[in-house]
Structures are given as C-alpha cells and as structure tokens.
Amino acid sequence: MTAKRPIFAVAPMIDWTDRHCRYFHRQISRQALLYTEMVVADAIIHGPRERLLGHVAAEHPLALQLGGSDPAKLAEAVKLAEPYGYDEINLNVGCPSDRVQSGTFGACLMLTPETVAECVAAMKAVATVPVTVKCRIGVDEQEPEEALPALIGRVLDAGADAIWIHARKAWLKGLSPKENREIPPLDYEIVYRMKQRWPDVFIGINGGVRTLDEAETHLAHVDGVMLGRAAYQNAAILSDVDRRFFGAPVAEADWQMLCDRMMAYAERHIAAGGRLQHVARHMVGLFTGLPGARRYRQILSTDAAKSGAGPEVLAAAFAAVDFSGMEPHAVSA
C-alpha cells in the first residue's frame, strides 16, 4: 500500500464481509479495497483453512484482517495465508466485542502498544505484502492524544506500512459492540493531526462515514477512507466509487448485468452445496430509497431463505425495482 493515490475501502465487518459479500461488492466497484472479516490466527492454524481464507480472484484488491496477540501465532497465520495471495495483511487493534476481549486482542491491545509492535514485527518478518494496523483512538480512560501517537510510533518502528484509525474510543466495559459503533463521540480531527505528525505515512480514517461526499472531505486530510455499515446497508453507494476516487469514466448503470452476474455466482454456490440465502442476504439493502425497494427486500428476505431457492429469486427481486430514478453511475464492467 502506498499514499500515491487515495484509497477507498469497505471496512472489515464480522459476520458481514464474507466472501459472498465481497464478490457482490466487487461487481459494483472494481477499485475499492475490500477486507475480509477478522480471522483469528488460531483458527487459521488449527481450523478449516480453505473456508476461512478461500476467495476468488475477482475479489481483489483484497486484504486479510487477522486477530491475535501472540506474535508467533500471527506470524504462522501470515505464512499459512501467503499462498492465498492477499494484497495486504491487517492486524485488528480496534474490535471491542466480548469474544475478542476474551482472547486478549482487538481493541484491548490499545492498552499494550508494545505487544502490538511485537506482533507487527513478527508479521513483517514473514509477510510478502504490506502489513497494516487498524485501531481506535483509545480505549476506556485512555487519553487519545497520548495513547494514539504512542501506538502509532511503536508500530511504525516495528515496520507497519499503514495505519487505519477508527475515529472513536472503544469502551471495553459498559458498552456493547453495537453501542461502541455509535455512542463514543467521533473525533476526526485527531486522525487529521496524526497525518500531520506523520506526513510520509499512509493514514486512513474510518468511523461514521455515511456518504461519498463525506469520504471526499476526509481525503483532503488523510490518505484513505473506509465505509462500513453505509456501504453494506446501501451497496449502490459503491457504484460511484471508481469514478470519484479512481478516475473511471461515467457510464449508465447496468443493473441487469449485475443481476445476471449474481445469479450466475449464486448458481455456482448452490451447485457446490450452498444456499441462495448465503448470497442474497448481503444484497438486501442495494436499492434503498428506490420505488420497488420494499418489494425487492421482501423477496430476498423471504423467498431466498426457502429451502431449494434458486437464482431465479434474484431475478424476481430485481424485476420489482424501478431504476428510472437511479443516478447514472456505472456498475463496473
């Protein structure tokens, strides 16, 4: 990863950004950097590796996010993931969920920056692609103006290639993961100050970004921007990413082409023993705000979940939508 051009990314989200979600998002934007869900190092070492790491070439550019706090295990996970050809390896230092805390990684690692640095150094020693860190501005009673630069300084000294910062604190006690995404106040200015302090380091921002206009505003101050829930809950927002951030030409959106591609993908998944719902659940929010979107959601939420449901359910859902009001931005060819 370099800071030569702006980077637009879809954030890693547990239970959301699986391989089916990423394939779907890739059909809408060819350029956005996509992330896996967080995958725990122990799971890669001992678990179903192909299920955890497998993906198709069409998903690239694609980053693998790892969770863990043991440098040796993280290094082993990086080596085991290497044949899968990810474009970046990211260390999670921001997730506040209970199951992450119980494993002593995620946001609680903000409290031990020396451990994060050891993990980064171990990963860098074996990685063949950039190693990055995604963190919060602090946790619990930490003072972000002290905790955040302390972490950044240590991980950069350890060789980190880029820092993604979720511009909120994480409260490890008293707030649920959902509340941690909404209640702690956003502080974008501190992220901007980190970029000013380390002008030659790639620093990206995450947290509460809802529109591409907001993303563009952030890119005047930092090198990259991540959309999380906004990109997932209304994936059509991704249809203008390539034009706005990567210089792609404007073209009429071809939603029928998207439908055809997703039907073909779903057919392959079902033939391999999967269910339509595994694919369709990520597509429910695609046409939020358009006439027919409610019927579209109903079809995907109910019919796609039925036993034996096939790709024709996607065709029926798309047929319910009136596309005449859509902005003329392209689904990538």
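Worth a mention:
- Flag: residue 263 matches the condition of being part of a helix (DSSP H, G or I), touching a Pro at 6+ places or on another chain (Cβ under 8 Å) and not acidic (Asp, Glu).
- All positions within the stretch 142-189 that are over 21 Å from the mean Cα position of the chain (by Cα), without any contact (Cβ under 8 Å) to a residue 40 or more places away in the chain and crowded, with 17+ Cβ neighbours inside 10 Å: 142, 147
- Scanning the stretch 210-241 for residues that are touching a Phe, Trp or Tyr at 6+ places or on another chain (Cβ under 7 Å) and in a loop (DSSP other than H, G, I, E, B), we see that the one that is surrounded by the fewest Cβ atoms within 10 Å (Cβ to Cβ) is 221.
- Residues in the stretch 196-209 that are closer than 22 Å to residue 153 by Cα and either buried (at least 20 other Cβ atoms within 10 Å of the Cβ) or among the polar types (S, T, N, Q) (or both): 196, 202, 203, 204, 205, 206, 207.
- Of all residues in the stretch 22-54, those satisfying the criterion of being within 20 Å of residue 67 (Cα to Cα), of a type in the set (A, V, I, L, M, F, W, C) and either in contact with a Leu (Cβ under 9 Å, 6 or more places away or on another chain) or touching a residue at least 40 places away in the same chain (Cβ under 8 Å) (or both) are 33, 34, 38, 39, 40, 41, 43, 44, 45, 53.
- Qualifying residue in the stretch 20-40 (condition: of a type in the set (Gly, Ala, Ser) and in contact with a Ser or Thr (Cβ under 8 Å, 6 or more places away or on another chain)): yes
- Looking across the stretch 254-277, the residues that are open to solvent by 10 Å² or more (accessible area, probe 1.4 Å), touching a residue at least 24 places away in the same chain (Cβ under 8 Å) and farther than 19 Å from residue 239 by Cβ come down to 264, 267, 269, 270, 275, 277.
- Only residues that are within 16 Å of residue 15 (Cα to Cα), open to solvent by less than 70 Å² (accessible area, probe 1.4 Å) and not in a loop (DSSP other than H, G, I, E, B) were counted in the stretch 278-298, giving 4.
The values are calculated or read from the model by the stated rules, or taken from the named source; none is laboratory data. Note that the structure is a prediction, hence the values are computed from the model and not measured. Note that each Cβ is placed from the backbone with ideal geometry, even for glycine, and that neighbours are counted across all protein chains shown. When the accessible area is computed, the model is the full protein with side chains, heavy atoms only, and any ligands, DNA or RNA have been set aside. Shrake-Rupley method; radii C 1.70, N 1.55, O 1.52, S 1.80 Å.
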